[in-house]
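The block underneath contains the structure these notes are about, expressed in structure tokens.
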Amino acid sequence: MSVFATEHKSAPHYLDIAANTHGEEKGFLVVKALERLETRRPHVVEIGPGGGAAVGFLASRLREPRHGDGQVHLTLVEVPGVTSQALSRVVDEFNEVGSCELVHGLAQDLGSLLSRPADVVSASALVHEVYSYGGGYGGLHALIRILGSVIEPYGYFAYRDLFSVADRCLHERVTHAYDAPSWLRFLRMFTPRYLNHGKHSYHHIRDQVTARQDSRLVEVADLDVETCAVIGAPIGLFREIQRHYITFRDHVWRSGVLGFIPILDGELSAEWLDARTGHKLVHYILSSTEWLPRSCRDMLEALSEPYADHRTVDGDIFDLCTDLALDAFLAAAEQGDPVCERVWEEWSAREGRETYAYLTIDELITEFAVTSARANPSRPTVLLPSSAEDIVVRQRHYYNRYLTKRLANPLPDAKQLVLFRNIPVTDSRTLGEALGGVQESVGKHNLARVYAALNPGRG
């Protein structure tokens, strides 16, 4: 079992800044669930609150008159040793509109951590955390079985995670090409470490990564960053490489080591020139750095405009400058520059071994339904979305625009959000409506698995 990176996961610059974003996206399914409940004092549980973005969003919504005076009790479950100053502040805010308590423990031990059953359980990116650090698929199935037992009948589980590869087996072999130096350098630094030390499922003989440059086979660790590489691998591995590059890029941005720091949160982070195509204006501030080639910084400044106490630039130009600077950064890290190497190792220890997205919506719904239906024979319930409206995919237009410009074979970047309901198996009407609602998202073979789990011994 991999060791959870507690120190890096609770670092102030991570939890209080980098992981404390997208509160509305993290919390809107919880609000949706609360609006459906008729419970006077609902019990909401959030697993892994991080910096408290979702807690703050929920508090702001509960202040609105339309939510009535029914007080919500919120239990926050965080990994032992992980703390956040930002979370402490929003807990105080929440206590003005409800009641909130913080407990420490693992998601797999949820049954022993809660003082009473939950009406709503919420989590973001929990699947990859449990898979990477909590026993792989076995740990994931154990968590699903626990969820069905701690959520009240007709209660909800609100889940948000990274979008996987739609309608494709993640072990399906495909060929991708890379020619951007920053991506090639990242490939040779990240991929061997991830495959050797990460928790992943790419161990079959057909999962072997093959790389060719100038028509000759080369090891990924020996890629030439000046030569286009043609790489064959499972599509899921390419998904991991792509997603890790994006999180790595964000981490290096926030560190200030590149000489510029984009404003990634708040209103200035979403000043769109064309939201539909992901084209935006980037606001950034300059930071001092000694190693970055002056030409990178000069180019960015020459193409930017002053704005109050910072600068702005077209997002496409900013991305180009970032990749040039990232290539220089990675080269410096490879050569042992202490600052660049430290920033690289910080990110690698925190996220470089994780498997980010490995369940499609089809697989996610199926595994939760089948495992939960078999979990508690004395009180049989099944976790299923009530309707098609409870399955949402939100595109990351800015990242998709960037990926399309940099990669020959970009994979769509998005978040998938599913609101599961804990439906008693004996309620044939509600169950029938739910099964009808998921037919567009779940394939026939997986639907057959769900039906078999709901009717044990009748097949």
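The values are calculated or read from the model by the stated rules, or taken from the named source; none is laboratory data. Nothing here was measured: the structure is a model prediction, and the numbers come from that model. Note that we place each Cβ from the backbone using ideal geometry, even for glycine, and neighbour counts take in every protein chain shown.
Does segment 354-372 hold any residues that are crowded, with 23+ Cβ neighbours inside 10 Å and under 19 Å from Glu152 (Cβ atoms), and which are they?
Phe368, Ala369, Ser372 - these are the residues of segment 354-372 that are crowded, with 23+ Cβ neighbours inside 10 Å and under 19 Å from Glu152 (Cβ atoms).
In segment 81-126, what residues are farther than 15 Å from Gly51 by Cα and part of a loop (DSSP other than H, G, I, E, B)?
Asn95, Glu96, Val97, Gly98, Gly105, Leu106, Leu114, Ser115, Arg116, Pro117
With the condition being surrounded by 20 or more Cβ atoms within 10 Å (Cβ to Cβ) and assigned by TED's automatic domain parsing to the domain that holds Asp314, I'd like the strands (runs of 3 or more DSSP E) fully within segment 205-264 carrying at least 1 qualifying residues.
On the way: elements: 210-213, 216-218, 229-234, 260-262.
Of the strands (runs of 3 or more DSSP E) lying wholly inside segment 205-264, those with at least 1 residues that are surrounded by 20 or more Cβ atoms within 10 Å (Cβ to Cβ) and assigned by TED's automatic domain parsing to the domain that holds Asp314 span 210-213, 229-234, 260-262.
Any idea which of Ala177, Ala158 is modelled with pLDDT of 85 or more, assigned to a strand (DSSP E or B) and outside the structural domain of Thr430 (by TED's automatic domain parsing)?
Ala177
Pick from Ala333, Ala349: which is surrounded by fewer than 20 Cβ atoms within 10 Å (Cβ to Cβ), part of a helix (DSSP H, G or I) and of a type in the set (A, V, I, L, M)?
Being surrounded by fewer than 20 Cβ atoms within 10 Å (Cβ to Cβ), part of a helix (DSSP H, G or I) and of a type in the set (A, V, I, L, M) holds for just one of Ala333, Ala349, which is Ala349.
Does Leu237 count as hydrophobic (A, V, I, L, M, F, W, C) and within 19 Å of Pro412 (Cα to Cα)?
Spelling it out, Leu237 is indeed hydrophobic (A, V, I, L, M, F, W, C) and within 19 Å of Pro412 (Cα to Cα).
Find the helices (runs of 4 or more DSSP H) located wholly in segment 355-459 whose residues include 1 or more that are under 22 Å from Ile146 (Cα atoms) and assigned by TED's automatic domain parsing to the domain that holds Lys32, and list them. Don't jump to the end; show me each part of the working.
Working: elements: 361-373, 397-406, 428-437, 444-454.
Result: 361-373, 428-437, 444-454.
Any residue in segment 78-90 that is touching a residue at least 40 places away in the same chain (Cβ under 8 Å) sitting within a Cβ distance under 6 Å of a residue that is among the basic types (Lys, Arg) and not in a loop (DSSP other than H, G, I, E, B)? List the pairs, counting only those 6 or more apart or interchain.
These pairs meet every condition: Val82/Lys9.
Please state which one of Arg421, Arg458 is at pLDDT below 90 and of a type in the set (D, E, K, R). Please lay out each step first, then the result.
On the way: Arg421 fails: at pLDDT below 90.
Going through Arg421, Arg458 in turn, just one is at pLDDT below 90 and of a type in the set (D, E, K, R): Arg458.
What are the residue pairs meeting all of these: first residue in segment 433-451, first residue within 11 Å of Thr366 (Cα to Cα), second residue acidic (Asp, Glu), Cβ atoms under 7 Å, and 6 or more apart or on different chains?
Listed by first residue and then by second, the contacts come to Ser441/Asp362; Val442/Asp362; Gly443/Asp362; Asn446/Asp362.
For segment 24-52, give me each residue that is modelled with pLDDT under 90, in a helix (DSSP H, G or I), in contact with a helix residue (DSSP H, G or I) (Cβ under 8 Å, 6 or more places away or on another chain) and closer than 12 Å to Ser122 by Cβ. Can you show your working first?
So in segment 24-52, the residues modelled with pLDDT under 90 come out as 24-28, 38-40, 48-52.
From what's left, in a helix (DSSP H, G or I): 24-28.
Those left that are additionally in contact with a helix residue (DSSP H, G or I) (Cβ under 8 Å, 6 or more places away or on another chain): 24, 26-28.
Lys26, Gly27, Phe28 - these are the residues of segment 24-52 that are modelled with pLDDT under 90, in a helix (DSSP H, G or I), in contact with a helix residue (DSSP H, G or I) (Cβ under 8 Å, 6 or more places away or on another chain) and closer than 12 Å to Ser122 by Cβ.
Which ones in segment 299-330 are surrounded by fewer than 16 Cβ atoms within 10 Å (Cβ to Cβ) and either of a type in the set (Phe, Trp, Tyr) or more than 19 Å from Leu281 (Cα to Cα) (or both)?
Tyr307
What are the residues in segment 417-459 that are out of contact with any strand residue (DSSP E or B) (no Cβ under 8 Å at 6 or more places or on another chain) and polar (S, T, N, Q), if any?
Correct list: Thr426, Ser428, Gln439, Asn446, Asn455.
Among the residues of segment 288-303, is any in the same structural domain as Pro181 (by TED's automatic domain parsing), basic (Lys, Arg) and part of a helix (DSSP H, G or I)?
Among the residues of segment 288-303, at least one is in the same structural domain as Pro181 (by TED's automatic domain parsing), basic (Lys, Arg) and part of a helix (DSSP H, G or I), which makes the answer yes.
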